[in-house]
Amino acid sequence: MERRTFCKSGLAAVTAGLLPYGHLIAAPESDVPAIGLDGRELLLKPKDVEDFRRSLRGQLLRAGESGYDSARAIWNRAFDRKPALIARCAGAADVTAAVNFARTQGLLTAVRAGGHSLSGHSVCEGGLVIDLSSMSGIRVDPLGKRARIEPGVRLAQIDQEAQAFGLAVPLGTVSDTGAAGLTLGGGFGRLCRKYGLACDNLTGADVVTADGRFVKVSEKDNADLLWGLRGGGGNFGVVTSLEYRLHAVGPMVFGGTLVYPFSQARESLRSFSDFIATAPDELFVFVFLAPAPDHQRVVVFDVCYCGPVEAGAQVLAPLRMLGKPVKDSLAPAPYVALQSADDADNPPGRYYIKGGYVHRITPELSNAMVDYLEHTPADNTVIAISQFGGAISRIKPAATAYWHREPNHEVIVLGFWDNAAGAEQTTQWVRGAWKTLARFTDGYYVNHGGYDESERRVHANYGDNYPRLVALKRRYDPQNLFRLNANIKPAA
Ligand SMILES: Cc1cc2nc3c(=O)[nH]c(=O)nc-3n(C[C@H](O)[C@H](O)[C@H](O)COP(=O)(O)OP(=O)(O)OC[C@H]3O[C@@H](n4cnc5c(N)ncnc54)[C@H](O)[C@@H]3O)c2cc1C
């Protein structure tokens, strides 16, 4: 085992071996360069860093320390950032210490839960990452139909615990996504048309606000903050615990994939648009215009029907008759199997995304998508259409911070690559596609945006809810410590 030099204060007297390895780390001997909230360089005093480290039950990591590189890697590897410090929090006390340290030092601060931020907001260059990924406790109350989770929990973990009782929280479509980030921005998935977005099912939370206060949030306590957490993202503090409403689901549902050749894309999308407009709320379909291994593109309908299993085949019959499928795996399936079926297609890598809501998949929109793909082939790109509507649209826009209740779909353009040349080519491809498709869209989904959001764009996206969000931001984060997100500025 490598022996390291103990710091001069305190720890030097402690016998090696009595403490976990995380503590056997040299204290910095000189100032630690970092980036401040205003983007300017600042220097952290070694003693302050050491005091912070010793105040944590979890670990504090700096460049060069074991675990630093894996802790700074997020799902979207396009963001290769090197924070000055990563606080791997073990609980709410660590989060409070980290928030207090960040505020008093004026440090640029990122909050990381599941690490699936597409826009890279959960890691920052030169600042502090408040890393919640080790906080992964879950408690399911099957009688009260509630689940309480810590913020490092992934969708697969909560699905597994809740499905043990035939229950589920409406969450996302890829099982290693973090529940916290997904929920705070909205959170759509296979159950959302039946039971609402993830944020609509958030019934309570614990939050450490920018001033280091621990705030309990529910319909009764600080209800204004609960309203803000339901779609307002990570703007108001670090959420250390989330409580959800559970619903009876499965364990068997009906679903799988139905794949048509790309030559049938125009007709398939037109018929799908009519079909889905009157489909029951129990049905969720994610559509992908995706590359296939033989370099031919295909149209994939990724289906989950969460109503009675025996009704599934009948409900899906019209979708099966759109043409001659090259694959049809629709059948009764465990809900948890469908929840992880797309995981292999979404590995960590370098990605760029654009997206926006649409009210209806019009022939003009589907033709524009198909035309772009036909004229600009690229094997490393996907255009996808997800589904909203149903229970989501029956909640009034002002009832939660999440504003876009009317659009029935979201269109996403996604590109992925391996090397620097691929980055330029792929982002240009995605931007080109978006130039063609943006005119069909109305606002964007916060969790799929965030690269270069202007205040005007964030404002427009939150519609009439924006002034209320600004008032909340002023109250809970007047210095805008939590700014690495679709940022609601306190001064607006
Ligand atoms: C492969 C993949 C599949 C996806 N599928 C879906 C989908 O089906 N449905 C859907 O709605 N979205 C989906 N998304 C988008 C996803 O909702 C967002 O990327 C979300 O932010 C991920 O949450 P996270 O906790 O994993 O991310 P992180 O990167 O850890 O966090 C993202 C941001 O959320 C905020 N945040 C996270 N946790 C906290 C907290 N505890 N307190 C305060 N702020 C916090 C921070 O601002 C942080 O920067 C998908 C993303 C990926 C990469």
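The values are calculated or read from the model by the stated rules, or taken from the named source; none is laboratory data. Remember, predicted model here, so these are calculated numbers, not experimental data. Reconstructed Cβ throughout: ideal geometry from the backbone, glycine too, with neighbour counts over all protein chains shown. We work out accessible area using only protein heavy atoms, side chains counted, and drop any ligands, DNA or RNA first. Shrake-Rupley method; radii C 1.70, N 1.55, O 1.52, S 1.80 Å.
Which one is nearest to the ligand (Cβ to nearest atom) among residues in the range 187-199 that are among the charged types (D, E, K, R) and surrounded by 24 or more Cβ atoms within 10 Å (Cβ to Cβ)?
Arg190
Determine, yes or no, whether Ala399 is among the small types (Gly, Ala, Ser) and closer than 26 Å to Asn487 by Cα.
Considered against the rule, which asks whether it is among the small types (Gly, Ala, Ser) and closer than 26 Å to Asn487 by Cα, Ala399 comes out as yes.
With the requirement that a residue be open to solvent by 10 Å² or more (accessible area, probe 1.4 Å), more than 9 Å from the ligand (Cβ to nearest atom) and closer than 23 Å to Ala63 by Cβ, what does the range 127-151 give you?
Result: Ser134, single match.
So if I check each of Ala460, Ala421, which one is within 28 Å of Leu226 (Cβ to Cβ), assigned to a helix (DSSP H, G or I), among the aliphatic types (A, V, I, L, M) and open to solvent by 30 Å² or more (accessible area, probe 1.4 Å)?
Ala460
Condition test on His116, is it open to solvent by 10 Å² or more (accessible area, probe 1.4 Å), over 24 Å from Leu246 (Cα atoms) and either within 9 Å of the ligand (Cβ to nearest atom) or in a strand (DSSP E or B) (or both)? Even if it seems obvious, please write down each step before you answer.
Numbers: open to solvent by 10 Å² or more (accessible area, probe 1.4 Å): yes; over 24 Å from Leu246 (Cα atoms): no; either within 9 Å of the ligand (Cβ to nearest atom) or in a strand (DSSP E or B) (or both): yes.
Judged against the criteria, His116 is not a match.
Out of curiosity, is Glu65 open to solvent by 50 Å² or more (accessible area, probe 1.4 Å) and either more than 16 Å from the ligand (Cβ to nearest atom) or out of contact with any helix residue (DSSP H, G or I) (no Cβ under 7 Å at 6 or more places or on another chain) (or both)?
Details: open to solvent by 50 Å² or more (accessible area, probe 1.4 Å): no; either more than 16 Å from the ligand (Cβ to nearest atom) or out of contact with any helix residue (DSSP H, G or I) (no Cβ under 7 Å at 6 or more places or on another chain) (or both): yes.
No, not satisfied.
Which of (1) within 26 Å of the chain's Cα centre (by Cα); (2) outside any loop (DSSP other than H, G, I, E, B) does Asp379 not meet, given it meets every other one?
Every listed condition holds for Asp379 apart from (2).
When you check Leu184 against the structure, is it farther than 21 Å from Leu143 by Cβ, open to solvent by 10 Å² or more (accessible area, probe 1.4 Å) and either more than 8 Å from the ligand (Cβ to nearest atom) or of a type outside the set (Gly, Ala, Ser) (or both), yes or no? First the steps, then the outcome.
Details: farther than 21 Å from Leu143 by Cβ: yes; open to solvent by 10 Å² or more (accessible area, probe 1.4 Å): yes; either more than 8 Å from the ligand (Cβ to nearest atom) or of a type outside the set (Gly, Ala, Ser) (or both): yes.
Yes.
Which of the following residues is open to solvent by 30 Å² or more (accessible area, probe 1.4 Å) and either within 25 Å of Ala164 (Cβ to Cβ) or β-branched (Val, Ile, Thr) (or both): Ala331, Ala317, Ala277?
Ala331
Taking Val217 as meeting all but one of (1) within 16 Å of the ligand (Cβ to nearest atom); (2) open to solvent by less than 40 Å² (accessible area, probe 1.4 Å); (3) under 30 Å from Gly415 (Cα atoms); (4) assigned to a strand (DSSP E or B), write down the number of the exception.
(3)
Within the range 157-171, does at least one residue satisfy the condition of being more than 8 Å from the ligand (Cβ to nearest atom), without any contact (Cβ under 8 Å) to a residue 12 or more places away in the chain and in a helix (DSSP H, G or I)? Break it down stepwise before answering.
As a first pass, look at the range 157-171 and keep what is more than 8 Å from the ligand (Cβ to nearest atom): 157-170.
Imposing the further condition that a residue be without any contact (Cβ under 8 Å) to a residue 12 or more places away in the chain reduces the set to none.
Within the range 157-171 (the criterion being more than 8 Å from the ligand (Cβ to nearest atom), without any contact (Cβ under 8 Å) to a residue 12 or more places away in the chain and in a helix (DSSP H, G or I)), the answer is no, since none of the residues qualifies.
For the range 72-94, give me each residue that is within 12 Å of the ligand (Cβ to nearest atom) and in contact with a Leu (Cβ under 7 Å, 6 or more places away or on another chain).
Asn76, Cys89 - these are the residues of the range 72-94 that are within 12 Å of the ligand (Cβ to nearest atom) and in contact with a Leu (Cβ under 7 Å, 6 or more places away or on another chain).
Report whether or not Leu481 is over 13 Å from Tyr357 (Cα atoms), in contact with a strand residue (DSSP E or B) (Cβ under 8 Å, 6 or more places away or on another chain) and part of a loop (DSSP other than H, G, I, E, B). Even if it seems obvious, please write down each step before you answer.
Values: over 13 Å from Tyr357 (Cα atoms): yes; in contact with a strand residue (DSSP E or B) (Cβ under 8 Å, 6 or more places away or on another chain): yes; part of a loop (DSSP other than H, G, I, E, B): yes.
So Leu481 fits the description; yes.
Which one is least open to solvent (accessible area, probe 1.4 Å) among residues in the range 68-86 that are assigned to a loop (DSSP other than H, G, I, E, B), closer than 15 Å to Asp176 by Cβ and not aliphatic (A, V, I, L, M)? Explain how you work it out, then say what you get.
Let us first name the residues in the range 68-86 that are assigned to a loop (DSSP other than H, G, I, E, B), namely 73-75, 77-84.
Next, only the ones that are closer than 15 Å to Asp176 by Cβ stay: 73-75, 77.
Add one more test, that the residue is not aliphatic (A, V, I, L, M), and what stays is 75, 77.
Values: Trp75: 23, Arg77: 101 Å².
Here the answer is Trp75.
Among residues belonging to the range 228-263 that are of a type outside the set (Phe, Trp, Tyr), touching a strand residue (DSSP E or B) at 6+ places or on another chain (Cβ under 7 Å) and not in a strand (DSSP E or B), point out the one that is nearest to Leu484 (Cα to Cα).
Taking the candidates together, the pick is Gly234.
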